[in-house]
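The values are calculated or read from the model by the stated rules, or taken from the named source; none is laboratory data. None of these values were measured; they are calculated from a predicted model. Glycine also receives a Cβ, built like all others from the backbone with ideal geometry; neighbour counts cover every protein chain displayed.
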Amino acid sequence: MNSTMTTATLGRAHPVLRLTRETATFPFVALPTRPGALPIEVTLLARLGRGAGTGMCRDMMARQGQHVRFIDALDEPSAKLGGSDFAKGDATALYSFGVGQGGHSFHRHAGHRVFTAVSGSAGAQLRFSSATPQEIARDPAAFVRALRHVDVPPDCLFTVRFSGENWHQFVPSVQEAGHPAFFALSTHTNELGGELSAALRSKVLQDQGDIPSLTELLPDAVQTLLASAPVQARQVPTTVLSLGERPGGWLAAACGYYRAQAGRLGPALASVLAPLQGGGYVSELRPSRVQEQPGLPADSLLRQALAGHALHHEDYFTLVTAPPAGAAPEAAVLLAGLLGSFLVHRHPGVSRMMAVRNAVVRPLGLRRSPLACPVSSLQPPTAGQAMSEGSLLFAGRYPVHSSQVAADGRSAQVLLGADDRHLAFRSCVGVRCLDDGRVEYSLATRVACRNAFGRLYMALIERMHRSYIAPHLLQVAVEGIEGR
(Lines give C-alpha, C1' and ligand atoms only; values in the text may rest on other atoms or scores of the structure.)
Protein backbone atom coordinates (compact mmCIF):
# COMPACT_ATOMS: atom_id res chain seq x y z
CA MET A 1 0.00 0.00 0.00
CA ASN A 2 1.43 3.40 -0.94
CA SER A 3 1.95 6.21 1.59
CA THR A 4 -1.06 8.16 0.34
CA MET A 5 -3.47 5.32 1.06
CA THR A 6 -1.92 4.69 4.46
CA THR A 7 -2.40 8.32 5.41
CA ALA A 8 -6.03 8.27 4.26
CA THR A 9 -6.68 5.27 6.52
CA LEU A 10 -5.57 7.33 9.50
CA GLY A 11 -7.74 10.30 8.55
CA ARG A 12 -10.72 11.54 10.50
CA ALA A 13 -13.93 12.22 8.57
CA HIS A 14 -15.87 15.36 9.38
CA PRO A 15 -19.52 14.53 10.09
CA VAL A 16 -21.67 16.43 7.61
CA LEU A 17 -21.72 19.13 4.98
CA ARG A 18 -24.76 21.38 5.34
CA LEU A 19 -26.05 23.26 2.29
CA THR A 20 -29.15 25.33 3.06
CA ARG A 21 -31.32 27.29 0.67
CA GLU A 22 -34.32 29.45 1.46
CA THR A 23 -37.63 29.07 -0.36
CA ALA A 24 -40.69 31.31 -0.47
CA THR A 25 -43.06 28.38 -1.07
CA PHE A 26 -43.51 24.97 0.58
CA PRO A 27 -40.15 23.37 1.52
CA PHE A 28 -39.92 20.28 -0.71
CA VAL A 29 -37.54 17.49 -1.61
CA ALA A 30 -37.68 14.83 -4.34
CA LEU A 31 -35.32 11.96 -3.54
CA PRO A 32 -34.12 10.07 -6.62
CA THR A 33 -34.60 6.30 -6.46
CA ARG A 34 -33.68 4.14 -9.47
CA PRO A 35 -33.34 5.03 -13.16
CA GLY A 36 -36.81 5.22 -14.68
CA ALA A 37 -38.55 5.01 -11.28
CA LEU A 38 -40.61 7.64 -9.49
CA PRO A 39 -38.88 9.80 -6.88
CA ILE A 40 -39.82 9.96 -3.22
CA GLU A 41 -41.45 13.34 -2.60
CA VAL A 42 -41.87 15.11 0.76
CA THR A 43 -43.51 18.54 1.11
CA LEU A 44 -43.78 20.63 4.26
CA LEU A 45 -47.07 22.52 4.32
CA ALA A 46 -47.67 24.35 7.59
CA ARG A 47 -46.58 24.80 11.18
CA LEU A 48 -49.02 24.14 14.02
CA GLY A 49 -49.02 25.70 17.48
CA ARG A 50 -46.18 24.71 19.80
CA GLY A 51 -46.98 21.33 21.31
CA ALA A 52 -50.14 20.92 19.21
CA GLY A 53 -48.80 18.02 17.13
CA THR A 54 -48.58 15.47 19.92
CA GLY A 55 -52.05 16.37 21.20
CA MET A 56 -53.57 16.04 17.73
CA CYS A 57 -51.79 12.73 17.04
CA ARG A 58 -52.90 11.17 20.31
CA ASP A 59 -56.47 12.37 19.86
CA MET A 60 -56.68 10.95 16.33
CA MET A 61 -55.03 7.67 17.39
CA ALA A 62 -57.63 7.29 20.12
CA ARG A 63 -60.46 7.91 17.64
CA GLN A 64 -58.85 5.54 15.13
CA GLY A 65 -58.81 2.81 17.77
CA GLN A 66 -62.61 2.92 17.91
CA HIS A 67 -63.07 2.58 14.15
CA VAL A 68 -64.89 -0.51 12.91
CA ARG A 69 -62.00 -1.38 10.55
CA PHE A 70 -59.19 -0.69 13.01
CA ILE A 71 -56.15 -3.02 12.94
CA ASP A 72 -53.18 -2.86 15.32
CA ALA A 73 -50.24 -4.61 13.64
CA LEU A 74 -46.57 -4.07 12.68
CA ASP A 75 -46.26 -1.13 15.14
CA GLU A 76 -48.46 0.84 12.72
CA PRO A 77 -52.08 0.89 13.98
CA SER A 78 -54.40 1.73 11.10
CA ALA A 79 -58.00 1.93 9.99
CA LYS A 80 -59.58 1.65 6.57
CA LEU A 81 -61.66 4.80 6.21
CA GLY A 82 -62.71 4.38 2.57
CA GLY A 83 -62.67 1.16 0.57
CA SER A 84 -62.30 0.44 -3.14
CA ASP A 85 -65.23 -0.14 -5.47
CA PHE A 86 -63.86 -1.87 -8.52
CA ALA A 87 -67.35 -2.44 -9.95
CA LYS A 88 -67.66 1.35 -10.27
CA GLY A 89 -64.09 1.79 -11.52
CA ASP A 90 -62.69 3.13 -8.21
CA ALA A 91 -59.37 1.45 -7.38
CA THR A 92 -58.42 3.89 -4.61
CA ALA A 93 -58.60 3.34 -0.86
CA LEU A 94 -58.25 5.70 2.09
CA TYR A 95 -56.56 4.72 5.35
CA SER A 96 -55.51 6.38 8.57
CA PHE A 97 -52.42 5.20 10.42
CA GLY A 98 -50.26 6.29 13.30
CA VAL A 99 -46.58 5.86 14.18
CA GLY A 100 -45.97 5.99 17.90
CA GLN A 101 -43.01 7.00 20.03
CA GLY A 102 -41.14 3.78 19.25
CA GLY A 103 -41.44 4.09 15.46
CA HIS A 104 -41.81 0.97 13.35
CA SER A 105 -39.63 -1.49 11.45
CA PHE A 106 -38.49 -1.08 7.85
CA HIS A 107 -41.00 -2.44 5.36
CA ARG A 108 -42.50 -1.74 1.94
CA HIS A 109 -45.94 -1.94 0.35
CA ALA A 110 -47.31 -3.40 -2.83
CA GLY A 111 -48.55 -0.21 -4.43
CA HIS A 112 -48.18 3.55 -4.73
CA ARG A 113 -48.77 5.64 -1.60
CA VAL A 114 -49.70 9.28 -0.92
CA PHE A 115 -50.25 10.44 2.66
CA THR A 116 -50.74 13.68 4.56
CA ALA A 117 -49.62 13.75 8.19
CA VAL A 118 -49.26 15.80 11.36
CA SER A 119 -45.91 15.36 13.10
CA GLY A 120 -45.60 14.97 16.86
CA SER A 121 -43.91 17.55 19.06
CA ALA A 122 -40.47 15.92 18.73
CA GLY A 123 -40.54 15.85 14.90
CA ALA A 124 -40.24 12.83 12.63
CA GLN A 125 -37.50 11.19 10.61
CA LEU A 126 -38.56 9.50 7.37
CA ARG A 127 -36.09 6.83 6.29
CA PHE A 128 -36.14 5.38 2.76
CA SER A 129 -34.10 2.86 0.81
CA SER A 130 -34.66 2.24 -2.90
CA ALA A 131 -32.58 -0.97 -3.01
CA THR A 132 -34.29 -3.70 -5.04
CA PRO A 133 -34.74 -7.31 -3.84
CA GLN A 134 -32.26 -8.38 -6.53
CA GLU A 135 -29.63 -5.92 -5.27
CA ILE A 136 -30.21 -7.02 -1.69
CA ALA A 137 -29.95 -10.70 -2.62
CA ARG A 138 -26.54 -10.05 -4.18
CA ASP A 139 -25.35 -7.83 -1.32
CA PRO A 140 -27.48 -6.97 1.77
CA ALA A 141 -25.32 -3.86 2.27
CA ALA A 142 -26.92 -2.42 -0.88
CA PHE A 143 -29.89 -1.58 1.33
CA VAL A 144 -27.69 0.63 3.54
CA ARG A 145 -25.96 2.31 0.61
CA ALA A 146 -29.34 3.35 -0.81
CA LEU A 147 -30.59 4.90 2.45
CA ARG A 148 -31.85 8.48 2.43
CA HIS A 149 -33.39 10.37 5.36
CA VAL A 150 -35.79 13.31 5.52
CA ASP A 151 -36.25 15.19 8.82
CA VAL A 152 -39.64 16.81 9.39
CA PRO A 153 -39.88 19.39 12.20
CA PRO A 154 -42.20 19.12 15.21
CA ASP A 155 -45.87 20.12 15.04
CA CYS A 156 -46.12 20.31 11.25
CA LEU A 157 -48.48 19.34 8.45
CA PHE A 158 -46.66 17.55 5.60
CA THR A 159 -47.24 15.24 2.64
CA VAL A 160 -45.33 12.21 1.33
CA ARG A 161 -45.62 10.44 -2.02
CA PHE A 162 -43.68 7.32 -3.02
CA SER A 163 -43.99 4.09 -4.96
CA GLY A 164 -44.44 0.75 -3.28
CA GLU A 165 -41.02 -0.60 -4.18
CA ASN A 166 -39.30 1.68 -1.65
CA TRP A 167 -38.45 0.41 1.82
CA HIS A 168 -39.33 2.88 4.53
CA GLN A 169 -39.22 3.37 8.28
CA PHE A 170 -40.74 6.24 10.24
CA VAL A 171 -39.58 7.24 13.73
CA PRO A 172 -39.73 10.31 15.98
CA SER A 173 -36.68 12.51 15.52
CA VAL A 174 -36.07 12.27 19.27
CA GLN A 175 -37.37 8.85 20.28
CA GLU A 176 -36.68 9.18 24.01
CA ALA A 177 -38.82 12.34 24.22
CA GLY A 178 -42.04 10.32 24.48
CA HIS A 179 -43.83 11.90 21.52
CA PRO A 180 -45.41 10.03 18.57
CA ALA A 181 -43.78 10.39 15.15
CA PHE A 182 -46.96 11.37 13.32
CA PHE A 183 -50.54 10.55 12.42
CA ALA A 184 -51.49 10.29 8.74
CA LEU A 185 -54.26 9.95 6.20
CA SER A 186 -52.99 7.69 3.41
CA THR A 187 -54.38 7.32 -0.09
CA HIS A 188 -53.67 4.09 -1.96
CA THR A 189 -53.99 5.34 -5.53
CA ASN A 190 -54.47 1.79 -6.83
CA GLU A 191 -55.24 -0.91 -4.27
CA LEU A 192 -54.32 -3.52 -6.89
CA GLY A 193 -50.96 -1.89 -7.61
CA GLY A 194 -47.68 -3.76 -7.28
CA GLU A 195 -47.01 -7.49 -7.34
CA LEU A 196 -49.86 -9.28 -5.56
CA SER A 197 -50.34 -12.99 -5.10
CA ALA A 198 -53.51 -14.51 -6.49
CA ALA A 199 -54.94 -14.89 -2.99
CA LEU A 200 -54.14 -11.30 -2.00
CA ARG A 201 -55.50 -9.96 -5.29
CA SER A 202 -58.80 -11.79 -4.66
CA LYS A 203 -58.92 -10.33 -1.16
CA VAL A 204 -58.38 -6.79 -2.46
CA LEU A 205 -61.07 -7.18 -5.14
CA GLN A 206 -63.50 -7.97 -2.33
CA ASP A 207 -62.44 -4.80 -0.47
CA GLN A 208 -60.83 -6.91 2.25
CA GLY A 209 -57.36 -5.49 1.82
CA ASP A 210 -55.61 -3.73 4.70
CA ILE A 211 -52.24 -2.15 5.43
CA PRO A 212 -50.68 -5.24 7.16
CA SER A 213 -51.66 -7.65 4.37
CA LEU A 214 -50.17 -5.26 1.77
CA THR A 215 -46.89 -4.97 3.69
CA GLU A 216 -43.59 -6.80 3.17
CA LEU A 217 -40.92 -6.83 5.87
CA LEU A 218 -37.17 -6.62 5.23
CA PRO A 219 -35.40 -9.82 4.19
CA ASP A 220 -33.71 -11.67 7.07
CA ALA A 221 -30.24 -10.96 5.65
CA VAL A 222 -30.77 -7.19 5.91
CA GLN A 223 -32.36 -7.43 9.36
CA THR A 224 -29.34 -9.41 10.54
CA LEU A 225 -26.97 -6.84 9.02
CA LEU A 226 -28.77 -3.92 10.69
CA ALA A 227 -28.82 -5.74 14.04
CA SER A 228 -25.08 -6.47 13.91
CA ALA A 229 -24.02 -3.07 12.53
CA PRO A 230 -26.60 -0.35 13.28
CA VAL A 231 -26.59 2.49 10.77
CA GLN A 232 -25.18 5.78 12.06
CA ALA A 233 -27.66 8.50 11.06
CA ARG A 234 -24.90 11.07 10.50
CA GLN A 235 -23.50 8.89 7.69
CA VAL A 236 -26.80 8.85 5.75
CA PRO A 237 -27.56 11.68 3.28
CA THR A 238 -30.29 13.68 4.99
CA THR A 239 -32.62 16.48 3.94
CA VAL A 240 -33.95 18.70 6.72
CA LEU A 241 -37.18 20.55 5.96
CA SER A 242 -38.07 23.55 8.10
CA LEU A 243 -40.51 26.42 8.37
CA GLY A 244 -39.49 29.55 10.22
CA GLU A 245 -36.11 28.53 11.64
CA ARG A 246 -32.95 27.86 9.66
CA PRO A 247 -31.94 24.21 10.26
CA GLY A 248 -28.94 23.71 12.51
CA GLY A 249 -29.16 27.15 14.13
CA TRP A 250 -29.72 28.12 17.74
CA LEU A 251 -33.27 29.23 17.01
CA ALA A 252 -34.19 25.81 15.59
CA ALA A 253 -32.68 24.09 18.64
CA ALA A 254 -34.52 26.38 21.05
CA CYS A 255 -37.87 25.96 19.30
CA GLY A 256 -37.40 22.19 19.08
CA TYR A 257 -36.77 21.99 22.82
CA TYR A 258 -39.82 24.00 23.76
CA ARG A 259 -42.08 22.17 21.33
CA ALA A 260 -40.96 18.90 22.92
CA GLN A 261 -42.18 20.25 26.26
CA ALA A 262 -45.76 20.01 24.88
CA GLY A 263 -45.94 23.71 24.07
CA ARG A 264 -46.55 25.02 27.59
CA LEU A 265 -44.28 27.96 26.81
CA GLY A 266 -45.55 28.25 23.23
CA PRO A 267 -47.91 31.22 23.56
CA ALA A 268 -45.26 33.29 25.36
CA LEU A 269 -42.53 32.41 22.87
CA ALA A 270 -44.65 33.00 19.77
CA SER A 271 -44.67 36.79 20.07
CA VAL A 272 -40.97 36.92 20.98
CA LEU A 273 -39.62 34.64 18.26
CA ALA A 274 -41.94 35.66 15.40
CA PRO A 275 -39.79 38.67 14.30
CA LEU A 276 -36.70 36.44 14.17
CA GLN A 277 -38.20 33.75 11.98
CA GLY A 278 -37.63 33.66 8.22
CA GLY A 279 -39.21 31.67 5.41
CA GLY A 280 -39.00 27.98 4.61
CA TYR A 281 -35.72 26.14 4.15
CA VAL A 282 -34.51 22.92 2.55
CA SER A 283 -31.22 21.82 4.11
CA GLU A 284 -29.14 19.02 2.58
CA LEU A 285 -26.94 17.08 5.01
CA ARG A 286 -24.45 14.94 3.13
CA PRO A 287 -21.79 12.68 4.64
CA SER A 288 -18.48 14.51 4.49
CA ARG A 289 -15.95 13.12 2.03
CA VAL A 290 -13.10 15.14 3.54
CA GLN A 291 -10.47 13.50 5.74
CA GLU A 292 -8.27 15.43 8.16
CA GLN A 293 -4.78 13.94 8.00
CA PRO A 294 -2.31 13.77 10.90
CA GLY A 295 0.58 15.45 9.10
CA LEU A 296 1.87 16.99 5.87
CA PRO A 297 3.26 14.73 3.14
CA ALA A 298 7.02 14.80 2.71
CA ASP A 299 6.89 16.60 -0.65
CA SER A 300 4.42 19.35 0.38
CA LEU A 301 5.43 22.89 -0.59
CA LEU A 302 4.01 23.95 2.75
CA ARG A 303 6.88 22.31 4.66
CA GLN A 304 9.22 25.17 3.70
CA ALA A 305 6.62 27.94 4.05
CA LEU A 306 6.99 30.50 6.85
CA ALA A 307 10.41 29.07 7.69
CA GLY A 308 11.98 30.79 10.69
CA HIS A 309 8.59 31.82 12.12
CA ALA A 310 6.87 30.34 15.16
CA LEU A 311 3.86 28.40 13.86
CA HIS A 312 0.51 28.73 15.62
CA HIS A 313 -1.65 26.52 13.39
CA GLU A 314 -1.24 23.74 10.82
CA ASP A 315 -3.80 21.44 9.18
CA TYR A 316 -4.02 19.09 6.20
CA PHE A 317 -7.23 17.86 4.53
CA THR A 318 -7.75 15.43 1.64
CA LEU A 319 -10.68 14.28 -0.49
CA VAL A 320 -10.39 11.25 -2.78
CA THR A 321 -12.71 10.96 -5.81
CA ALA A 322 -13.58 8.09 -8.15
CA PRO A 323 -11.54 7.69 -11.35
CA PRO A 324 -12.65 10.35 -13.86
CA ALA A 325 -14.15 9.21 -17.15
CA GLY A 326 -12.09 9.29 -20.31
CA ALA A 327 -8.34 9.50 -20.71
CA ALA A 328 -5.99 9.62 -17.73
CA PRO A 329 -6.13 13.16 -16.32
CA GLU A 330 -3.20 15.53 -15.93
CA ALA A 331 -2.78 16.72 -12.38
CA ALA A 332 -1.95 20.29 -13.45
CA VAL A 333 -5.21 20.53 -15.41
CA LEU A 334 -7.19 19.18 -12.48
CA LEU A 335 -5.45 21.61 -10.14
CA ALA A 336 -6.32 24.58 -12.35
CA GLY A 337 -9.94 23.41 -12.29
CA LEU A 338 -9.88 23.16 -8.50
CA LEU A 339 -8.47 26.67 -8.09
CA GLY A 340 -11.17 28.03 -10.38
CA SER A 341 -13.82 26.14 -8.44
CA PHE A 342 -12.72 27.81 -5.20
CA LEU A 343 -13.62 31.12 -6.84
CA VAL A 344 -16.94 30.05 -8.35
CA HIS A 345 -18.36 27.43 -5.98
CA ARG A 346 -18.46 28.97 -2.52
CA HIS A 347 -20.05 27.36 0.49
CA PRO A 348 -22.90 29.70 1.55
CA GLY A 349 -22.26 29.25 5.27
CA VAL A 350 -18.58 30.10 4.92
CA SER A 351 -19.46 33.11 2.75
CA ARG A 352 -21.82 34.43 5.43
CA MET A 353 -19.14 34.00 8.07
CA MET A 354 -16.63 35.90 5.92
CA ALA A 355 -19.11 38.75 5.44
CA VAL A 356 -19.48 39.07 9.22
CA ARG A 357 -15.71 38.81 9.72
CA ASN A 358 -15.04 41.49 7.10
CA ALA A 359 -17.46 43.89 8.77
CA VAL A 360 -15.88 43.31 12.19
CA VAL A 361 -12.23 43.77 11.11
CA ARG A 362 -12.83 46.69 8.75
CA PRO A 363 -12.12 49.33 11.45
CA LEU A 364 -8.90 47.46 12.32
CA GLY A 365 -7.49 47.80 8.80
CA LEU A 366 -7.09 44.05 8.23
CA ARG A 367 -7.31 42.28 4.86
CA ARG A 368 -10.83 41.59 3.64
CA SER A 369 -11.96 39.07 1.05
CA PRO A 370 -15.17 37.22 0.20
CA LEU A 371 -13.05 34.05 0.18
CA ALA A 372 -11.89 32.38 3.40
CA CYS A 373 -8.19 32.75 4.18
CA PRO A 374 -6.96 29.34 2.89
CA VAL A 375 -7.74 30.51 -0.65
CA SER A 376 -8.43 34.25 -0.27
CA SER A 377 -5.21 35.17 -2.13
CA LEU A 378 -6.76 33.63 -5.28
CA GLN A 379 -9.09 36.61 -5.46
CA PRO A 380 -7.81 38.69 -8.41
CA PRO A 381 -6.62 42.22 -7.55
CA THR A 382 -9.16 44.98 -8.01
CA ALA A 383 -8.71 47.74 -10.57
CA GLY A 384 -5.64 49.81 -9.78
CA GLN A 385 -4.11 47.12 -7.53
CA ALA A 386 -0.90 45.35 -8.44
CA MET A 387 -0.39 41.64 -7.93
CA SER A 388 1.22 40.82 -4.57
CA GLU A 389 5.00 40.97 -4.52
CA GLY A 390 6.58 37.59 -5.24
CA SER A 391 3.39 36.16 -6.79
CA LEU A 392 3.43 34.08 -9.96
CA LEU A 393 0.57 33.03 -12.19
CA PHE A 394 -0.38 29.34 -12.30
CA ALA A 395 -2.10 28.26 -15.53
CA GLY A 396 -1.70 31.86 -16.65
CA ARG A 397 -4.44 33.04 -14.31
CA TYR A 398 -4.15 32.18 -10.62
CA PRO A 399 -1.74 34.19 -8.38
CA VAL A 400 0.45 31.84 -6.34
CA HIS A 401 3.70 32.06 -4.38
CA SER A 402 5.14 28.95 -6.02
CA SER A 403 4.07 25.83 -7.89
CA GLN A 404 5.34 22.33 -8.53
CA VAL A 405 4.29 19.80 -11.17
CA ALA A 406 5.80 16.31 -11.11
CA ALA A 407 7.77 15.21 -14.15
CA ASP A 408 5.31 12.37 -14.82
CA GLY A 409 2.36 14.79 -14.57
CA ARG A 410 0.66 12.75 -11.84
CA SER A 411 0.86 15.35 -9.08
CA ALA A 412 0.75 19.14 -8.90
CA GLN A 413 0.59 21.69 -6.10
CA VAL A 414 0.63 25.44 -5.55
CA LEU A 415 1.43 27.62 -2.56
CA LEU A 416 -1.02 30.41 -1.72
CA GLY A 417 -1.11 32.93 1.08
CA ALA A 418 -0.78 36.49 2.29
CA ASP A 419 0.72 38.57 5.11
CA ASP A 420 -1.51 40.71 7.29
CA ARG A 421 -0.94 42.99 10.27
CA HIS A 422 -1.81 40.31 12.82
CA LEU A 423 -0.70 37.07 11.11
CA ALA A 424 0.69 35.46 7.97
CA PHE A 425 -0.81 32.36 6.39
CA ARG A 426 0.26 29.96 3.66
CA SER A 427 -1.91 27.31 2.04
CA CYS A 428 -0.95 24.43 -0.21
CA VAL A 429 -3.56 23.20 -2.70
CA GLY A 430 -2.64 19.93 -4.39
CA VAL A 431 -3.83 17.20 -6.73
CA ARG A 432 -2.41 13.67 -6.86
CA CYS A 433 -3.43 10.91 -9.30
CA LEU A 434 -3.39 7.65 -7.34
CA ASP A 435 -2.27 4.28 -8.66
CA ASP A 436 -5.82 2.88 -8.72
CA GLY A 437 -7.09 5.70 -10.96
CA ARG A 438 -8.70 7.78 -8.24
CA VAL A 439 -7.76 11.41 -7.66
CA GLU A 440 -6.77 12.94 -4.31
CA TYR A 441 -7.41 16.65 -3.79
CA SER A 442 -5.78 18.34 -0.80
CA LEU A 443 -5.80 21.62 1.13
CA ALA A 444 -3.28 22.39 3.86
CA THR A 445 -2.71 25.59 5.84
CA ARG A 446 -0.06 27.07 8.13
CA VAL A 447 -0.41 30.22 10.23
CA ALA A 448 2.24 32.29 12.01
CA CYS A 449 0.92 35.00 14.32
CA ARG A 450 2.76 38.34 14.35
CA ASN A 451 1.52 39.80 17.63
CA ALA A 452 -0.74 39.21 20.65
CA PHE A 453 -3.85 40.19 18.69
CA GLY A 454 -3.02 37.57 16.06
CA ARG A 455 -2.71 34.88 18.73
CA LEU A 456 -6.06 35.92 20.23
CA TYR A 457 -7.63 35.92 16.75
CA MET A 458 -6.40 32.38 16.04
CA ALA A 459 -7.54 31.14 19.44
CA LEU A 460 -11.03 32.37 18.62
CA ILE A 461 -11.30 30.97 15.08
CA GLU A 462 -9.04 27.89 15.01
CA ARG A 463 -11.67 25.36 16.00
CA MET A 464 -14.17 26.72 13.47
CA HIS A 465 -11.46 26.83 10.78
CA ARG A 466 -10.45 23.21 11.35
CA SER A 467 -13.89 21.67 11.81
CA TYR A 468 -15.96 23.77 9.40
CA ILE A 469 -14.27 26.26 7.09
CA ALA A 470 -11.41 24.27 5.55
CA PRO A 471 -13.27 20.94 5.00
CA HIS A 472 -16.34 22.68 3.61
CA LEU A 473 -14.25 24.80 1.24
CA LEU A 474 -12.53 21.70 -0.15
CA GLN A 475 -15.65 19.56 -0.52
CA VAL A 476 -17.75 22.26 -2.21
CA ALA A 477 -14.90 23.10 -4.62
CA VAL A 478 -14.39 19.45 -5.60
CA GLU A 479 -18.13 18.88 -5.99
CA GLY A 480 -18.19 21.96 -8.22
CA ILE A 481 -15.70 20.24 -10.53
CA GLU A 482 -17.80 17.05 -10.47
CA GLY A 483 -20.92 19.02 -11.40
CA ARG A 484 -22.92 18.17 -8.28
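Quick notes on this one:
- For the stretch 156-184, the candidate set comprises residues that are among the aliphatic types (A, V, I, L, M) and part of a loop (DSSP other than H, G, I, E, B); within that set, the residue that is modelled with the highest pLDDT is Ala181.
- Pick from the stretch 89-114, criterion part of a loop (DSSP other than H, G, I, E, B) and polar (S, T, N, Q), ranking: modelled with the highest pLDDT: Thr92
- Leading residue by the ranking (surrounded by the most Cβ atoms within 10 Å (Cβ to Cβ)) among those in the stretch 361-381 that are touching a strand residue (DSSP E or B) at 6+ places or on another chain (Cβ under 8 Å) and under 14 Å from Leu423 (Cβ atoms): Pro374
- Within the stretch 288-307, the only residue that satisfies the criterion of being part of a helix (DSSP H, G or I) and either of a type in the set (D, E, K, R) or not assigned by TED's automatic domain parsing to the domain that holds Leu423 (or both) is Arg303.
Conditions tested, residue by residue: (1) surrounded by 21 or more Cβ atoms within 10 Å (Cβ to Cβ); (2) in contact with a Pro (Cβ under 7 Å, 6 or more places away or on another chain); (3) outside the structural domain of Phe182 (by TED's automatic domain parsing).
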position	(1), (2), (3)
Ile40	yes, no, no
Leu44	yes, yes, no
Arg47	yes, no, no
Asp75	no, no, no
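- When residues of the stretch 71-86 are limited to those that are in a strand (DSSP E or B) and closer than 19 Å to Ala181 by Cα, the one nearest to the chain's Cα centre (by Cα): Ser78
- Among (1) touching a residue at least 24 places away in the same chain (Cβ under 8 Å); (2) more than 32 Å from the chain's Cα centre (by Cα) - the single one Asp408 does not satisfy: (1)
Residues checked against (1) surrounded by fewer than 20 Cβ atoms within 10 Å (Cβ to Cβ); (2) more than 23 Å from Leu285 (Cβ to Cβ):
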position: His107; (1), (2): yes, yes
position: Ala110; (1), (2): no, yes
position: Thr116; (1), (2): yes, yes
position: Ala124; (1), (2): no, no
position: Pro133; (1), (2): yes, yes
position: Glu165; (1), (2): no, yes
position: Glu191; (1), (2): no, yes
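- Of all the listed residues (Ala122, Ala131, Ala117), the sole one being closer than 22 Å to Arg18 by Cβ and either in a strand (DSSP E or B) or not acidic (Asp, Glu) (or both) is Ala122.
- Within the stretch 60-93, being at negative phi and among the small types (Gly, Ala, Ser) holds for Ala62, Gly65, Ala73, Ser78, Ala79, Gly82, Gly83, Ser84, Ala87, Ala91, Ala93.
- Within the stretch 442-460, residues that are assigned by TED's automatic domain parsing to the domain that holds Asn358 sit with their Cβ atoms under 7 Å from residues that are aliphatic (A, V, I, L, M) and assigned to a helix (DSSP H, G or I), at 6+ positions apart or across chains, in these pairs: Leu443/Ala470; Leu443/Leu473; Leu443/Leu474; Ala444/Leu302; Thr445/Ala470; Arg446/Leu302; Val447/Met458; Cys449/Met458.
- Only listed residue being modelled with pLDDT of 95 or more and crowded, with 19+ Cβ neighbours inside 10 Å, chosen from Tyr398, Tyr441: Tyr441
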